[in-house]
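Following: one structure in structure tokens, then a few remarks.
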Amino acid sequence: MIEIKNLHKSYKMGSNSLHVLKGINFSVEEGELVAIMGSSGSGKSTLLNILGMLDELDEGSYTLDGVPIKNLNETKAAQYRNKFLGFIFQSFNLINYKNAMENVALPLYYQKVGRKERQEKALRYLEQVGLKEWATHLPSELSGGQKQRVAIARAMAAEPKVLLADEPTGALDSKTSYEVMDLIQKINDAGNTILVVTHEPDIADMCKRIVHLKDGVIVEDKKVEQVRASQYV
Amino acid sequence: MFDIERWQEIFDTISKNKLRTFLTGLSVASGIFILVILLGFGQGMQNGIAQEFEGDAATSIWVWTQTTQKEYKGLNPGRQIQFRNEDYTTIVDKMDLNIDGKSKFYRPRGITATYGNDVLFYQVLGTTPEVQFIENEYIVSGRFLNNADEEQVRKVAIISAKIKREAFKNVENPVGEIIRISNIPFTIVGIYKERGNDQEEDRIFIPIKTAQMVFNGADKLDNLSFTLPAAENFDAAVAESVAFKSEVETFLKQKHSIAPDDQGGVGIYSPMEEAKRYYSLITNIKLFFWFVGVCTIIAGVVGVSNIMLIVVKERTKEIGIRKALGAKPWSIIGMILHESIFVTAISGFTGLILSMGLLEIIGPNIEVDYIVNPSVNFNIALATVFLLVIAGAIAGFFPAWRAATIHTIDALRDD
Ligand SMILES: Nc1ncnc2c1ncn2[C@@H]1O[C@H](COP(=O)(O)OP(=O)(O)O)[C@@H](O)[C@H]1O
Ligand SMILES: [Mg+2]
């Protein structure tokens with residue numbers, strides 16, 4: 001599903017250049033649930049953003065579902081994101097003047113799905129994350145955990161090939177974090193490929209594979225016995 | 001434009017961001033409103049001036065005698081000019097002029113008018129029956145001078161309402177009373193009133209022939225006055241009175257051996273030219289209104305641009321989110337412009353309709369001198385609305401384009 005070879009990325013800041021990713025080689029199969037771990041500043045988000053085509057790589061190659069991703073202009077990148085990828089952010093990134101259902105329906109708008117069908121689908125995904133009753137509520141009326149569940153429903157609504165989650169539990173308390181992880185595990189159980197960036201070991205343990213980043217390279221990549229989040233919920 | 005989905009998305013955005021929409025709309029609507037009202041009053045003033053001068057016998061020409069100021073053909077300056085009957089008949093009958101009304105005046109010198117033992121301190125003026133039309137006089141009692149008075153050299157007189165009020169306090173109706181002018185009895189046959197002011201009611205009229213014959217006037221005349229037929233429009237009226245004036249002036253100066261460039265000798269005046277001066281003043285006032293209006297519009301454009309800039313800045317993160325979800329840059333730009341054009345157009349037209357409605361309602365009811373029916377050219381008003389809309393769109397385009405084309409990750413980081 002994902003294949004990365006010799007990926008490099010630096011940030012230029014004035015005359016200085018910060019080499020963040022120094023040759024990453026890594027691939028993900030369909031249906032995997034991968035945790036990307038590392039200390040703060042180790043380049044986890046940078047890697048995920050490149051995978052999400054939100055940012056560009058400097059060197060190396062990236063293939064997504066057999067499609068080589070390179071030299072994309074913004075228009076093409078937008079199309080690919082819409083078709084292939086769903087995002088879950090630490091800060092939720094919901095649109096504050098749209099209610100839960102409208103937020104979930106938004107990626108479908110950019111898939112040119114009609115209004116009625118968009119709403120039906122959005123409601124279905126909200127139901128899956130247990131928030132059907134909250135459909136008409138604005139993000140400001142939802143708790144952190146609820147917001148993240150709306151964001152997950154939104155990421156799912158586009159039926160992407162890969163879900164990318166950057167610290168999805170970073171802004172949540174541990175109980176809510178486990179609820180969110182439970183949801184992510186269930187989505188993965190249904191066959192979806194998911195990458196989760198986290199620096200919390202207990203969250204990483206709920207995935208099926210842990211990739212450890214340090215100083216811009218992968219220092220460890222291991223399959224693990226998945227801890228089910230449901231037992232804590 | 002006809003993408004119904006986008007319209008719905010825009011209506012959603014607008015209805016959920018009411019304050020933002022309201023502020024944008026208000027600045028556009030008020031700009032248009034002020035401009036239209038200003039332009040309307042500019043036009044109203046122009047209408048008012050035109051009406052003021054077209055209303056009465058505005059196309060009149062007054063001619064009087066003066067002393068010359070220049071030496072000419074061996075004649076010394078300071079010579080008093082005297083018109084003769086022949087001057088009048090030549091102008092009226094021989095010259096190919098388009099005259100509507102005409103009159104002539106002779107003022108006998110060295111005379112005193114009395115009523116009983118009271119001296120009447122008023123001017124005695126010989127004139128013709130037509131004067132009443134030229135000067136907008138009307139009769140309140142008795143009659144005006146007529147042709148029979150003229151032919152039979154009758155000793156009759158017309159006094160004004162003001163004279164009646166002042167000198168005939170104890171007489172119920174002065175018509176039929178006798179006044180004496182240099183001891184010669186004249187019968188009062190009518191009382192006239194002047195439309196408008198009563199400053200010109202200081203005159204006692206007698207038939208011109210009587211004045212000339214009885215008071216040694218021979219064929220002397222002091223004043224001539226004419227009115228011209230109504231012209232098609234104001235400019236034509238001005239042009240005709242200027243042409244008439246110059247022909248009469250040329251003739252009289254030639255006849256009385258006055259230097260063509262002499263300021264004295266013949267006095268000649270046409271209120272139309274005065275109107276012309278007012279008219280150009282009005283043009284300046286209108287220009288000023290335009291200037292203020294354009295400044296208002298520029299302020300409106302700047303206001304709309306600023307709001308668009310802030311709106312786009314405020315929405316940068318939203319734009320990042322939309323792009324992460326698959327929005328293409330042009331769909332973002334399109335959405336922002338679509339919204340901006342929609343809001344500015346609606347509010348522009350609202351301002352237009354409100355201001356034109358206001359002019360329509362209060363315009364005809366305005367009763368102020370020199371302002372008549374303020375109104376505005378619809379096309380001009382419409383053009384300013386489009387100008388504002390386009391300006392808003394252009395002002396919105398650049399920040400929208402920037403926000404839509406920066407890296408999605410940078411837009412997302414915006415807080
Ligand atoms: N846009 C950027 N410009 C400059 N430096 C950046 C930018 N984004 C991230 N960095 C730097 O790159 C390094 C890796 O950042 P990041 O990938 O966000 O780390 P992590 O998510 O693992 O905490 C950090 O030192 C960070 O300061
Ligand atoms: Mg990070």
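Quick one: is B:N170 outside any strand (DSSP E or B) and in contact (Cβ under 8 Å) with a residue 60 or more places away in the chain?
Working: outside any strand (DSSP E or B): yes; in contact (Cβ under 8 Å) with a residue 60 or more places away in the chain: no.
Considered against the rule, which asks whether it is outside any strand (DSSP E or B) and in contact (Cβ under 8 Å) with a residue 60 or more places away in the chain, B:N170 comes out as no.
Failed condition for B:P174, given (1) over 23 Å from B:D100 (Cβ atoms); (2) open to solvent by 20 Å² or more (accessible area, probe 1.4 Å); (3) not basic (K, R), with all others met? Condition (2) is where B:P174 drops out.
Taking residues in the range B:319-333 that are facing chain A (nearest Cβ under 7 Å), and partners anywhere that are among the acidic types (D, E) and open to solvent by 10 Å² or more (accessible area, probe 1.4 Å), the pairs with Cβ atoms closer than 7 Å and at least 6 places apart or on different chains are B:P329/A:E74.
Return yes when A:L108 is part of a loop (DSSP other than H, G, I, E, B), buried (at least 22 other Cβ atoms within 10 Å of the Cβ) and away from ligand 2 (no atom under 16 Å from the Cβ) and no when it is not. Here the answer is no, as A:L108 does not meet what is asked. Which members of the range A:152-168 meet the condition of being within 16 Å of ligand 2 (Cβ to nearest atom) and within 14 Å of another protein chain (Cβ to nearest Cβ)? Residues satisfying the conditions are A:L164, A:A165, A:D166, A:E167.
Annotation note: Cβ proximity below 8 Å between a residue of the range A:208-231 that is without any contact (Cβ under 8 Å) to a residue 12 or more places away in the chain and a residue that is among the aliphatic types (A, V, I, L, M) and within 16 Å of ligand 1 (Cβ to nearest atom) (sequence gap 6+ or interchain) occurs for A:V219/A:L213; A:E220/A:I210; A:E220/A:V211. Residues that are surrounded by fewer than 18 Cβ atoms within 10 Å (Cβ to Cβ) and more than 29 Å from B:T59 (Cβ to Cβ): does the range B:194-209 have at least one? No.
Conditions tested, residue by residue: (1) within 22 Å of the chain's Cα centre (by Cα); (2) within 10 Å of A:A158 (Cα to Cα).
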site: A:Q111; (1), (2): yes, yes
site: A:G114; (1), (2): no, no
site: A:K121; (1), (2): yes, yes
site: A:R124; (1), (2): yes, no
site: A:Q128; (1), (2): yes, no
site: A:L131; (1), (2): yes, no
site: A:W134; (1), (2): no, no
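Go over the candidates A:N6, A:N99, A:N73 one by one and state the one that is over 30 Å from A:E141 (Cα atoms), among the polar types (S, T, N, Q) and at pLDDT 90 or above.
Numbers: A:N99 fails: over 30 Å from A:E141 (Cα atoms); A:N73 fails: at pLDDT 90 or above.
Only one candidate qualifies: A:N6.
From the list A:A78, A:A100, the one residue that fits, being facing another protein chain (nearest Cβ under 10 Å) and open to solvent by less than 40 Å² (accessible area, probe 1.4 Å), is A:A78.
From the list A:L72, A:L48, A:L33, which residue is open to solvent by less than 20 Å² (accessible area, probe 1.4 Å) and away from ligand 1 (no atom under 13 Å from the Cβ)? Give the derivation first.
Values: A:L72 fails: open to solvent by less than 20 Å² (accessible area, probe 1.4 Å); A:L48 fails: away from ligand 1 (no atom under 13 Å from the Cβ).
Within the list A:L72, A:L48, A:L33, the selection yields A:L33.
Sub-7 Å Cβ pairs linking a first residue in the range A:15-37 that is more than 18 Å from A:L85 (Cβ to Cβ) to a second residue that is small (G, A, S) and open to solvent by 20 Å² or more (accessible area, probe 1.4 Å), at least 6 apart or interchain, are A:S17/A:S10; A:L18/A:S10; A:H19/A:S10; A:V20/A:S10, ordered by first then second residue. Here B:P364 fulfils each of the conditions (1) part of a helix (DSSP H, G or I); (2) surrounded by 15 or more Cβ atoms within 10 Å (Cβ to Cβ); (3) away from chain A (no Cβ under 14 Å) apart from (2).
The values are calculated or read from the model by the stated rules, or taken from the named source; none is laboratory data. Just so it is clear, the model here is predicted, and its values are computed rather than measured. Here the Cβ is made from the backbone with ideal geometry for all residues, glycine too, and neighbour counts use every protein chain on show. Ligands, DNA and RNA are excluded from the accessible area calculation, which covers all protein heavy atoms including side chains. Shrake-Rupley method; radii C 1.70, N 1.55, O 1.52, S 1.80 Å.
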